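Peer 1: The following block contains the structure, expressed as structure tokens.
The values are calculated or read from the model by the stated rules, or taken from the named source; none is laboratory data. Keep in mind that what you see is a predicted model, and the values were worked out from it rather than measured. Here the Cβ is made from the backbone with ideal geometry for all residues, glycine too, and neighbour counts use every protein chain on show.
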Amino acid sequence: MIMDNTNADVIVIGGGAAGMMAAITAAKRGKKVVLIEKNRILGKKMLITGKGRCNITNACEDVETLLENVTVNRSFLYSSFYGFTNDDTIRFFNNLGVETKVERGNRVFPVTDKSQSVVDAMAKALKMTGVKIIHDTVVNIPVNENKISGVKTQKNGNIFANSVIIATGGASYKGTGSTGDGYKWAQDAGHTITDIIPSLVPIKVEEKWAYELMGLSLKNIKITVVNDKNKKIYTDFGEMMFAHFGLSGPVILSASAHMRPMFAGKYKIILDLKPALDEKTLDARLLRDFEKFSNRDFVNSLGELLPNTLIDTLVHLSGIDPRKKVNSITKEERGRLVSLIKGIEFNVTDFCPIEQAIITSGGVSVKEIDPSTMQSKKVAGLYFAGEVIDVDAYTGGFNLQIAFSTGWLAGMNC
């Protein structure tokens, strides 16, 4: 049905986390809200977050800790984080019937372990608050005398409103609908778009042997990132994995947020396979294993210390003859092995493509958005929420919290 000349108080573009929260919040205030989503379903990107389980927020102890986990423009989020906290997010979903649980690193998930239950809850809230949902594509956002008048859509024509909230996401995972549309509309309205780059993204490395370990996951490891001046810029403990394109996993994704600017030769990642053991303790452990397997070949003596998939590679990197008997290994060779286990080096060559990034870094400049309302400083009635803004954070639920907090603040002020 054509809706040309239809009126609304608020139009929200984008049916993801930020857009749905903005629409629900505005509707609760009695506003007549139209939510426009170009996909056939809502929350398409939310469905794949947290490996399909949806890490909705982080249960860290206070807002300051939330802010500490924001890597870009954290001060801009002060009002939104204090206005709608991580506790508010948990309470919001609990009130909609979504029970939550806290896992490693204070990550908060639905008890169902299914993202669909989170999206369904938000869809339920949209219905309860009377938000009208239109599955259509916005063609443009007319601006007259620095004021919003509504939007023009492909199928439903013109929809008029005094407030428009752009919550279209970034440019990662284009298959979910995050195709950068919001950047163009913001730019057309006079806004500056900062450089769009991948963040929380797997990385490529120079070492070809790393690609041969595809599928291997390492837990309880430590990584340290150093730059070309040998300065430590990031350290993390946790899990990583080898993929056909390089390195991935939680610690690698978080580390990528610190590798800016990115160019080959700028960064190294140093992997410690046994962070709980110092070199002296690790050497003692090796000695015990070597005594236990004294008559074995070296390559067959490391099964109790290292993952089987990694042994051949580590033996090769050590330079020790794999068929050398353990009782013949010298102290110097053992020292090389200890150093290797505590410090495997990877030379970073590039980020993987933005399509593989969890989030986009860059977006609408925060200098041109009022942080206390999310309204444009350039165009009256134009608001922004979520990943379209130049803010991003570590993994662990912090980026969805940004979406919920900025969406809430936009919905409260539109």
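Peer 1: Residues of region 6-20 being under 24 Å from residue 85 (Cβ atoms) and either modelled with pLDDT under 95 or in a loop (DSSP other than H, G, I, E, B) (or both), which ones?
Peer 2: 14, 15, 16 - these are the residues of region 6-20 that are under 24 Å from residue 85 (Cβ atoms) and either modelled with pLDDT under 95 or in a loop (DSSP other than H, G, I, E, B) (or both).
Peer 1: Also, I was wondering about something else. Check region 178-190 and report whether any residue there is surrounded by fewer than 19 Cβ atoms within 10 Å (Cβ to Cβ), more than 30 Å from residue 132 (Cβ to Cβ) and in contact (Cβ under 8 Å) with a residue 40 or more places away in the chain.
Peer 2: The answer is no, given that none of the residues of region 178-190 is surrounded by fewer than 19 Cβ atoms within 10 Å (Cβ to Cβ), more than 30 Å from residue 132 (Cβ to Cβ) and in contact (Cβ under 8 Å) with a residue 40 or more places away in the chain.
Peer 1: Do you know which residues across region 385-410 are among the aliphatic types (A, V, I, L, M) and in a helix (DSSP H, G or I)?
Peer 2: Hits for region 385-410 are 388, 400, 402, 403, 409, 410.
Peer 1: Please return the ranges of helices (runs of 4 or more DSSP H) entirely within region 208-305 where 2 or more residues are of a type in the set (Ser, Thr, Tyr).
Peer 2: 250-256
Peer 1: Given the options 254, 294, 301, name the one that is hydroxyl-bearing (Ser, Thr, Tyr), touching a helix residue (DSSP H, G or I) at 6+ places or on another chain (Cβ under 8 Å) and buried (at least 16 other Cβ atoms within 10 Å of the Cβ).
Peer 2: One residue alone meets the criteria, 301.
Peer 1: Could you look through region 347-365, keep only residues that are of a type in the set (Gly, Ala, Ser) and not in a strand (DSSP E or B), and pick out the one that is nearest to residue 185 (Cα to Cα)?
Peer 2: Within region 347-365, the match that is nearest to residue 185 (Cα to Cα) is 363.
Peer 1: Out of curiosity, is residue 313 crowded, with 16+ Cβ neighbours inside 10 Å, in contact (Cβ under 8 Å) with a residue 60 or more places away in the chain and touching a Lys or Arg at 6+ places or on another chain (Cβ under 6 Å)?
Peer 2: no
Peer 1: Of the conditions (1) surrounded by 15 or more Cβ atoms within 10 Å (Cβ to Cβ); (2) modelled with pLDDT of 95 or more, residue 70 fails just one. Which one is it?
Peer 2: (2) is the only condition that residue 70 fails.
Peer 1: Under the condition of being modelled with pLDDT under 95 and not small (Gly, Ala, Ser), which residue from region 257-276 is surrounded by the most Cβ atoms within 10 Å (Cβ to Cβ)?
Peer 2: Among them, the one singled out is 259.
Peer 1: Within region 21-39, is there a residue that is modelled with pLDDT under 95, surrounded by fewer than 20 Cβ atoms within 10 Å (Cβ to Cβ), assigned by TED's automatic domain parsing to the domain that holds residue 128 and part of a loop (DSSP other than H, G, I, E, B)?
Peer 2: yes
Peer 1: So, one more: Would you pick out the residues in region 190-207 that are part of a loop (DSSP other than H, G, I, E, B) and either of a type in the set (Phe, Trp, Tyr) or in contact with a Ser or Thr (Cβ under 7 Å, 6 or more places away or on another chain) (or both)?
Peer 2: Within region 190-207, 191, 192, 194, 196, 200, 201, 202, 206 qualify.
Peer 1: Taking the criterion of being among the acidic types (Asp, Glu), in contact with a Gly (Cβ under 6 Å, 6 or more places away or on another chain) and buried (at least 20 other Cβ atoms within 10 Å of the Cβ), would at least one residue in region 381-396 satisfy it?
Peer 2: Scanning region 381-396 turns up at least one residue that is among the acidic types (Asp, Glu), in contact with a Gly (Cβ under 6 Å, 6 or more places away or on another chain) and buried (at least 20 other Cβ atoms within 10 Å of the Cβ).
Peer 1: I'd like the full set of residues that are over 18 Å from residue 33 (Cβ atoms) and in contact (Cβ under 8 Å) with a residue 40 or more places away in the chain, limited to region 120-154.
Peer 2: 137, 140, 143, 146, 147
Peer 1: Mind checking whether some residue in region 52-62 is in a strand (DSSP E or B) and either touching a Gly at 6+ places or on another chain (Cβ under 9 Å) or crowded, with 17+ Cβ neighbours inside 10 Å (or both)?
Peer 2: So far as region 52-62 goes, yes, one or more of its residues are in a strand (DSSP E or B) and either touching a Gly at 6+ places or on another chain (Cβ under 9 Å) or crowded, with 17+ Cβ neighbours inside 10 Å (or both).
Peer 1: Report the residue count in region 123-166 for those that are farther than 15 Å from residue 189 by Cα, aliphatic (A, V, I, L, M) and under 29 Å from the mean Cα position of the chain (by Cα).
Peer 2: Residues meeting the conditions: 6.
Peer 1: If you take the residues in region 366-384 that are in a strand (DSSP E or B) and not hydrophobic (A, V, I, L, M, F, W, C), which one is nearest to the chain's Cα centre (by Cα)?
Peer 2: Top of the filtered list is 383.
Peer 1: Under 9 Å by Cβ, and 6 or more places apart or on different chains, what pairs join a residue from region 59-81 that is in contact (Cβ under 8 Å) with a residue 12 or more places away in the chain and on the phi > 0 side of the Ramachandran plot with one that is outside any helix (DSSP H, G or I) and crowded, with 17+ Cβ neighbours inside 10 Å?
Peer 2: The qualifying pairs are 73/389; 73/390; 73/391; 73/392.
Peer 1: Confirm whether residue 162 is under 30 Å from residue 30 (Cβ atoms), in the same structural domain as residue 387 (by TED's automatic domain parsing) and surrounded by fewer than 19 Cβ atoms within 10 Å (Cβ to Cβ).
Peer 2: Judged against the criteria, residue 162 is a match.
Peer 1: For the condition of a type in the set (A, V, I, L, M), assigned by TED's automatic domain parsing to the domain that holds residue 119 and under 16 Å from the mean Cα position of the chain (by Cα), what is the one hit in 17, 59?
Peer 2: 17
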